[in-house]
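Input: a single structure, listed below in structure tokens.
The values are calculated or read from the model by the stated rules, or taken from the named source; none is laboratory data. This one's a predicted model, so the numbers in the text were calculated from it and none came from an experiment. Here the Cβ positions follow ideal geometry from the backbone for every residue, glycine too, while neighbour counts run over all protein chains shown.
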């Protein structure tokens, strides 16, 4: 009997032997031949035989395995022999017995040591396993080739198994990262798992059986990987989309476009992954919404620039005109610089048309600043020295600003600036001459106000309009003090105060405030004159009765934080609960009382900001509420009338807009107190 048979050399008959050996020999196995034990994915390499000894199993480490080791010797009967079938997957010990063959299989991946032992007549193949068992198969043949193969194959399996275990550990980390919402970590880990699986496949490539086994296990990992990958790409897209909205709100348009671009790439990557969740329909819907948002972002810079021009043209107040032409210039400059040098610009607006528009806006800004200077110089004529000096300073500041823009953008406008600058110089010279001649003797503690502020004594506080001179005589008794003229002639009247520059405020007191102008631009009710009359004018000493009713003018006096708190108080007065939101597009989260759990996301817009709320702001707010699973409705509460476009967009998006008048009615109807001073700007 040949004891060591190399099957690859063609001596494969031993694989098909069975039955007894007859009178003079022994059969190999009783039940079935070795070939029937061979799996389709494994390849036989060696068969090692012995006649009587069979194989022996003993336990070498009781702590290595929880299952324990079935120790003992398994020997053939007198009519059969024992064999050790070595394949590229395992070592199969088979012992022939009439009552039934006995087999034991040792996976090569479990072998930690393969060696041979030599005796006087017999040698032995000895295998130590990771489970703390030792298998010993005696034979008379040369076992060196068998030992070398088993040792090398065990190394191949061990390396492949280590890579697979590392992949499993990384997959567990992927699950934890996904639960924490860190999409980038998930995608990086998915890439690591794929790399590790590739390493396992490469390590097993030299053994067909090992390669087939590794491929089967990798396929099992593949489904989980693809599911995590698709979900992570969708989450990555949503996060990039949210960052894009945040940067859009900050008017960082290019950065917002970059984030939206990454979101689009992530949606496309998600669709390329073969997985069932999230569904293709859901991803396509979100990608379509993103495309619409990208279109609105592309149009937003131009729309905001055009909006500033419209506001500047629609008002007569010079301060508001200057402010909005400045904003228009800034916005057109930003629009022109967007995507500079890109072959595929992402924002609306032909560059040449924007350049021409920018030049026109610069001209209008220079004109407005010159007009501001001209009005200041007109107001300085006939004014007391302190007021005239303040007016000249105001004119000088306006001309300096106009000159800076003219030099850079409209050189032809410098003539107008220099003409007014000459008039300013003449006016300062006249003031200096007047002071030298001593024709003016305005007290350092007096200020100049328009006659209507002192005419009639301003109601209950009228007695405080005249201040006592140091010698004890009333300034009101001396009609010639400070060179003042009779109020009936439209001149200037002096009023006691402790500042020398309040004339500017007095001039502004005759015109609407900035918030009121903005409201007028948006089509709201004018609030300036009535508010001043109700509160006693710009120089009211604050001793009058506090207003006991809300008006749009009262709302206009609140800054952003004050208005947000007021809206929260109003919700609270009506029985709702309103909590501040943690950043983002939503300012407040309001919950309705009663059994129906209705929750609304609230955007608060104070008066000064109303004109800046365009359609894109409304749509971004609506989209943020829609994405928030905890919110059922979107509400915008405005301190001044919103632009028509914004109200139309809100109606289309299903956003409820609470107008200033409606808010005033709610505040009065639920007795929300009017603050004495409020959170004024």
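Here is how the numbers come out for the structure above:
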quantity: Any hit, the range 200-207, residues being without any contact (Cβ under 8 Å) to a residue 40 or more places away in the chain, closer than 25 Å to residue 276 by Cβ and part of a helix (DSSP H, G or I); calculated: no
quantity: Any hit, the range 177-196, residues being under 25 Å from residue 8 (Cβ atoms), loosely packed, with under 14 Cβ neighbours inside 10 Å and in contact (Cβ under 8 Å) with a residue 24 or more places away in the chain; calculated: no
quantity: Failed criterion for residue 32 (all others in (1) within 16 Å of residue 98 (Cα to Cα); (2) at pLDDT 85 or above; (3) crowded, with 18+ Cβ neighbours inside 10 Å hold); calculated: (3)
quantity: Residue match in the range 387-398 (condition: in contact (Cβ under 8 Å) with a residue 40 or more places away in the chain, in contact with a strand residue (DSSP E or B) (Cβ under 7 Å, 6 or more places away or on another chain), crowded, with 20+ Cβ neighbours inside 10 Å and not in a loop (DSSP other than H, G, I, E, B)); calculated: yes
quantity: Residue that is farthest from residue 302 (Cα to Cα), among those in the range 340-356 that are in contact with a helix residue (DSSP H, G or I) (Cβ under 7 Å, 6 or more places away or on another chain) and part of a loop (DSSP other than H, G, I, E, B); calculated: 346
quantity: Failed criterion for residue 117 (all others in (1) surrounded by fewer than 18 Cβ atoms within 10 Å (Cβ to Cβ); (2) under 60 Å from the mean Cα position of the chain (by Cα); (3) outside any loop (DSSP other than H, G, I, E, B) hold); calculated: (2)
quantity: Counted residues, the range 633-644 - those being under 30 Å from residue 321 (Cα atoms) and not in a helix (DSSP H, G or I); calculated: 8
quantity: Condition broken by residue 134, with the remaining ones in (1) buried (at least 16 other Cβ atoms within 10 Å of the Cβ); (2) in a strand (DSSP E or B); (3) more than 60 Å from the chain's Cα centre (by Cα) satisfied; calculated: (3)
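Yes or no, residue by residue, for (1) touching a helix residue (DSSP H, G or I) at 6+ places or on another chain (Cβ under 7 Å); (2) free of Cβ contacts under 8 Å to residues at least 60 places away in the same chain; (3) closer than 27 Å to residue 290 by Cα:
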position	(1), (2), (3)
586	yes, yes, yes
608	yes, no, no
625	no, yes, yes
641	yes, no, no
651	no, yes, yes
